[in-house]
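Asker: Questions regarding the structure given below will be posed in turn.
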Amino acid sequence: MTRLIYLFIQLITKLHSRVLSINDNHGFDLTDKQLHFLIIGFFGFCMLMAIQPIVKWLIRHHAELMITFFYVFTVVIVVSFAIELGQAFSGTGEMDFYDIASGILGFFVFFGIYLIGYLLFDVLRKKTA
């Protein structure tokens, strides 16, 4: 298990370094918090899009979105903490609670945009039925 954790930390460290390299080499000038916002937010949103159909298939009533949200939210928190721990452990960044908060906020923003579309689609579907 320890070996698996170290491998995960190494993978996260390599990905973090690659993202920073892309940011620096292409002149994006995004701060660490902005990168966390975008990447963790997008990661969480992609998980939401992948997991929601599975939950919907398993449960044929309106609880699937909330179940999916709570599952993905939990994973986003865990991954955000893992990234920060990996940065502290490897020395590639500073462990910062605000990075975690920025990533989680990114997920909330992406989810909020999706939720608005989801609710609008649901209302329109019910009007045409």
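Asker: Taking the Cα atoms only, what angle lies between the long axis of helix 64-90 and the longest principal axis of the chain, rounded to 10 degrees?
Answerer: That helix lies at roughly 0 degrees to the long axis.
Asker: Within region 33-58, which residues have the backbone N less than 12 Å from the label spot 7 Å out from residue 116 along Cα→beta-carbon, could you tell me?
Answerer: Those under the cut-off are none; the list is empty.
Asker: Over the chain, calculate the relative contact order: mean separation of alpha carbon pairs under 8 Å at least 6 apart, over the residue count, as a percent.
Answerer: 35 percent
Asker: Tell me which label goes with the value of mean projected area of the Cα convex hull in nm² computed from the coordinates here: (1) 7.6; (2) 11.2; (3) 9.8.
Answerer: Correct label, based on the coordinates given: (3).
Asker: Something else: For helix 2-25, report the angle its Cα long axis makes with the longest principal axis of the Cα atoms of the chain; keep it between 0 and 90° and round to the nearest 10°.
Answerer: Computed tilt is about 90 degrees.
Asker: Please enumerate, by chain and number, the lysines with C-alpha under 30 Å from the C-alpha of residue 33, excluding those fewer than 8 residues away in the same chain.
Answerer: Counting by Cα, and skipping residues close in sequence, residue 33 has these lysines nearby: 14.
Asker: Also, I was wondering about something else. Residue 56: which aspartates and glutamates have alpha carbons under 13 Å from its alpha carbon, excluding same-chain residues fewer than 8 sequence positions away?
Answerer: 64
Asker: Where does the chain land at 222 nm, in deg cm²/dmol rounded to the nearest 500, when only DSSP H runs of n ≥ 4 count, each adding -39500 (n - 2.57), divided by all residues?
Answerer: -30500 deg cm²/dmol
Asker: Separate question: Given the Cα atoms of region 71-129, and with Rh set as the inverse mean 1/r over their pairs in the Kirkwood sense, what is Rg to Rh to two decimals?
Answerer: Taking Rg over the Kirkwood Rh, I get 1.27.
Asker: If R₀ is 35 angstrom, what is the calculated FRET efficiency for the pair residue 60 and residue 7, using the beta carbon separation as r and rounding to 0.05?
Answerer: Between residue 60 and residue 7 the formula returns 0.35.
Only the coordinates and a few stated rules stand behind these numbers; no lab work does. Computed from a prediction, not measured in an experiment: that's the story for all the values here. In this analysis, Cβ positions are derived from the backbone assuming ideal geometry, glycine residues included, and neighbour counts consider all displayed protein chains.
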